[in-house]
Amino acid sequence: MSSKNQNKPPFHHNTTSPSTTSTTTPSTSKNKCIAAEVSEEKGQKLGFQKMIGTPNNGRLRLAFSLVNGSQDLGPDSTPVSHAGSECGAIEFTREDVEALVSEKMKSKNKFNYKERCENMMEYIKRLRLCIRWFQELEGEYAFEQEKLRSALELTERRCYEMEMALKNKDEEMNLIILELRNSLASLQEQLVKEESEKKAAMDSLVKEKEARDSIERSKASLSEELDKVRAELDSANQRIESINDMYKLLQEYNSSLQIYNSKLQTDVTAAHETIKRGEKERLAAVENLHNLRGEHKSLQDQLTSSIASQDGVMKQKDALLNEVACLRMELHQIKDDRDQYQQQAQSLAVEASKYKELATNSSGLEEKCLSQGNQIQILHDQLAVAERKLQMSDTFALEKRKEFEGQKEIIEELHKCLEDAEFKLIEGEKLRKKLHNTILELKGNIRVFCRVRPQLADDSSSNHGKVFSYPTVMEYLDRSIDMTHNGQKHSFIFDKVFMPDVSQEEVFVEISQLVQSALDGYKVCIFAYGQTGSGKTYTMMGKPGQPDEKGLIPRSLEQIFQTIQALQHQGWRYEMQVSMLEIYNETIRDLLSTNRDSSRFENGVTGKQYMIKHDANGNTQVSDLTIVDVQSSREVSFLLDRAAQSRSVGRTQMNEQSSRSHFVFTMRITGVNESTEQQVQGVLNLIDLAGSERLSKSGSTGDRLKETQAINKSLSSLADVIFALAKKEDHVPFRNSKLTYLLQPCLGGDSKTLMFVNLSPEPSSAGESLCSLRFAARVNACEIGTPRRQLNIRTSNSRLSYG
């Protein structure tokens, strides 16, 4: 019934004045019977239990005793008058009605009809009063029924309108999803086509490279052979030149020898002629001498005969003697000349033999020259062939170069097309992510990323078999993970799935836009969940001293400060405050406190008492928490190192350095744009949860046992909160744990929340991994509300918020 009828007071009977009492009529007994029958029918029709039950939303009606026509009000009742009601403010109980119906007329004298009539009139009056009460109650119930029917129709109409609106929204979303799928399919087809073209181009490029390499090798070998031929040709030319020079020298020497030989021959012929002439003169002189001797004899005869002519003869004799002496001298000289000429002839014969040897040698040299000339001709022919081959190779290389340039242009065009396709694919993926994030923000779901750590060297290798697999279907690529446990396959779909070989940088790229939202004025919360040894701290913090393996927290801080530097040109000025705490055994510890000894006590017995408070705007404050103003990432890195040294870490059988507390890093960002006077307030919460573990595997005892129990209890409280949010229950048990109470704005407010579920690839941890995946699936289904941008102005006494 409506609240108006709930607050309607019960009927009360007003005392009737004696003047209103009617006189007794003969039909009193008949009216009595009729009233009794009517009251019985009304009682059976309406049901007496409803009169004393909860007709108005469980609120009990007070019953009044009605004895002999008198009404006694209860001590807690308040009589209220009802305008327009003849029966007043009275209410009947079942017992009253039964008593009224079964009441018998009693009189001291049965013949006293006047008294009996008065009693009967009084009884009829009460019956009428009861009947009127029933009629009013029935009218009230009919009115309430009509009102409820109209409210039901209105509600059904609204439900139908909401269902139609939801149906239209679903159809719109299905159309959008269909369009996105079609675009994704077309992009995939284009990508496959371009990949095939790229592969063909790469194959042709490889073939061209191989052909080019073979051409280069053949060209190099030909150039080497050409160099060798040119060197041999140069040496042959040098030899030919030297042989030509020697041949010229020999020809000159031969011609000189021939000239000298001809000269010697002329000299020899002249000498022979002079010898012949001398012989002739000697013969003539001998003949003259014989003649002279004959004449001398004749003269002696004449001398003897003639002494008279002795003087003449003596003179002739002296002249002849003189002539003889001269002839003798001439003869002696001719003999000497003859000996000289003979020696010269011998030397000339020796030289002639030498010349003959030189002539034979010159013929050999000529033959050698001829053979070398033939070799030179052969080398010239080979050189011509090599030059023709070189020209052919140059033309072939030129053609191949032209083909290579053409292929290069085609490859460049294909590269451009591929880059365009990759850019379109990246833009499409960005648009898909943006639309997906927009849908998730509109739904208000908690986003979930799944990450599987790689196998470590010290992992147990006794159990073989692959626990996780990753479907390659394009629709669920990088979003789904399959797990095999006890022979059964379990499939899960999240917003993103990271395989073991994914680097820290690739993981951070996926959350960089979410970190950017903190600078835009949103509340952002990222926390890592998983069992002990699954890589949560590595995901959030990374490995110290190794820049390539920095975690999400250091990379987020670097991006924030780099973006702040870039936004300074646009007029933005930011102030940042940082705090770090841990929840150890359900106790909050300040990791940046300068006095760590005073706060490091179990269960908060002594030391500071840190209280968690939520304001009306959804912001969370932790009292007495150390808040540090920071200006650079180096300052925050120093604070992180300081907090890491103060954090509670222990050793278990499952992990060498196991985090024994929940680590909460919070940065509050306040930005003011001096040109537009726009002010934003954002909060970045980065949380490394302690790992869940089983006592049978961790082997924890003593303090480790208490820590394990506290961790499992807080994570169980987190699971209860998630289950309550998933079921949309009215009551969500945030206060069951310090962790859930601290994360209340992130889990149940207007924050952008992302959870990393970390998994171990060891087969021995498959059970815990399956529990983590199921919990992550429930978290992904939770709706926490649409994120809201904070545009509040930071006051001077504002405290750090976890919301």
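The values are calculated or read from the model by the stated rules, or taken from the named source; none is laboratory data. Just so it is clear, the model here is predicted, and its values are computed rather than measured. Using ideal geometry, Cβ is built from the backbone for each residue, glycine included, and neighbour counts are taken over all protein chains shown. Protein only, heavy atoms only, side chains kept; ligands, DNA and RNA dropped before computing areas. Shrake-Rupley method; radii C 1.70, N 1.55, O 1.52, S 1.80 Å.
Details
- For the stretch 339-404 versus the stretch 220-249, the gap between their alpha-carbon centres in whole angstrom: 11
- For the residue pairs Lys424/Lys543; Lys169/Lys424; Lys276/Lys354; Lys466/Lys713; Lys193/Lys408, alpha carbon separations beyond 26 Å are given by Lys424/Lys543; Lys169/Lys424; Lys276/Lys354; Lys466/Lys713.
- Pairs from the table (Lys125/Lys147; Lys608/Lys706; Lys550/Lys752) lying more than 26 angstrom apart at Cα are Lys125/Lys147.
- Area accessible to solvent at Tyr538, 1.4 Å probe radius, in Å²: 80
- Packing around the peptides 771-778, 637-644, taken as the average count of other Cβ atoms within 10 Å per residue, puts them in this order, highest first: 771-778, 637-644.
- Peptide ranges 201-214, 540-553 listed from the most packed, as the mean C-beta count within 10 angstrom indicates: 540-553, 201-214
- Accessible area of Tyr355 (1.4 Å probe, protein heavy atoms only, ligands and nucleic acids ignored): about 40 Å².
- Ligands, DNA and RNA left out, the 1.4 Å accessible surface of the stretch 149-190 is 58% carbon and sulfur atoms.
- Note on Thr537: accessible area approximately 50 square angstrom, rounded to 10, probe 1.4 Å, nucleic acids and ligands left out.
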